[in-house]
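**Student:** Once you've had a glance at the structure underneath, I'll fire off some questions.
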Amino acid sequence: LYEESLAIRKELGDKHGTAMSLNNLGNIAQTEGNYAVARAFVEESLAILREVGDRWGIATNTNQLARIYGEMGRLDTAVVLFKVALGIYRELGDRNGEAKSLAQLGSANIYRAQEDPMLEKVLLRDALLYTDSSLSIYREIGELHATSDAYRTRSEINHAIGDDASALADHKIAE
């Protein structure tokens with residue numbers, strides 16, 4: 001279905017629609033674990049969005065590309081891309097996008113900490129700062145589900161750094 005949509009949108013010269021179809025195909029490939037294909041679709045979508053000047057689309061696709069790189073185990077690249085998306089969301093004043101990027105930066109740093117024991121404390125501290133920032137925004141804009149997720153992440157981080165009292169408190173709030 002998405003392939004048909006892509007073909008029709010290309011035939012019509014609908015650049016924005018083409019980018020959306022490519023992004024949808026990227027989502028499917030990512031869900032199926034086919035990260036190389038997902039990356040190719042999202043990168044092609046990003047190129048079109050840059051061409052048409054869709055800043056919000058660029059931020060969203062950059063965020064998706066970061067998630068793909070994260071799932072590929074390329075966490076350093078994912079972090080760079082999450083920061084790019086974060087900057088664009090901030091420029092646009094998109095608080096939800098900003099909070100989402102901050103939360104994903106927090107999660108990426110948790111995974112990086114698990115891979116690099118030498119930097120574990122620094123990365124977990126950064127993860128907590130990003131998560132706290134996302135939590136503050138989610139509460140401000142009334143995103144209840146995302147607020148709960150942020151408290152769960154805080155609980156995980158606090159447990160990892162040995163602050164079990166805070167981890168338990170955050171876990172209780174998340175429920």
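**Student:** Of all residues in segment 33-83, which are surrounded by fewer than 20 Cβ atoms within 10 Å (Cβ to Cβ), free of Cβ contacts under 8 Å to residues at least 24 places away in the same chain and hydrophobic (A, V, I, L, M, F, W, C)?
**Tutor:** Those that are surrounded by fewer than 20 Cβ atoms within 10 Å (Cβ to Cβ), free of Cβ contacts under 8 Å to residues at least 24 places away in the same chain and hydrophobic (A, V, I, L, M, F, W, C): 36, 37, 40, 47, 80.
**Student:** Okay, next question. Of all residues in segment 150-175 being open to solvent by less than 60 Å² (accessible area, probe 1.4 Å) and in contact (Cβ under 8 Å) with a residue 40 or more places away in the chain, which is farthest from residue 121 (Cα to Cα)?
**Tutor:** Checking each candidate, the answer is 150.
**Student:** Tell me which residues, restricted to segment 93-117, are open to solvent by 10 Å² or more (accessible area, probe 1.4 Å), in contact (Cβ under 8 Å) with a residue 12 or more places away in the chain and within 17 Å of residue 143 (Cβ to Cβ).
**Tutor:** Listed by number, the residues that qualify are 94, 95, 96, 98, 100, 103, 104, 107.
**Student:** Scan segment 126-135 residue by residue and report those that are open to solvent by 20 Å² or more (accessible area, probe 1.4 Å) and touching a residue at least 24 places away in the same chain (Cβ under 8 Å).
**Tutor:** Once the filter is applied, which keeps residues that are open to solvent by 20 Å² or more (accessible area, probe 1.4 Å) and touching a residue at least 24 places away in the same chain (Cβ under 8 Å), segment 126-135 yields 128, 130, 133.
The values are calculated or read from the model by the stated rules, or taken from the named source; none is laboratory data. Please read these numbers as outputs of a predicted model, since none were measured by experiment. When we count neighbours, we look across all protein chains shown, and the Cβ atoms used for this are built from the backbone with ideal geometry, even at glycine. Accessible surface is based on the protein model in full, side chains and every heavy atom, while ligands, DNA and RNA are left aside. Shrake-Rupley method; radii C 1.70, N 1.55, O 1.52, S 1.80 Å.
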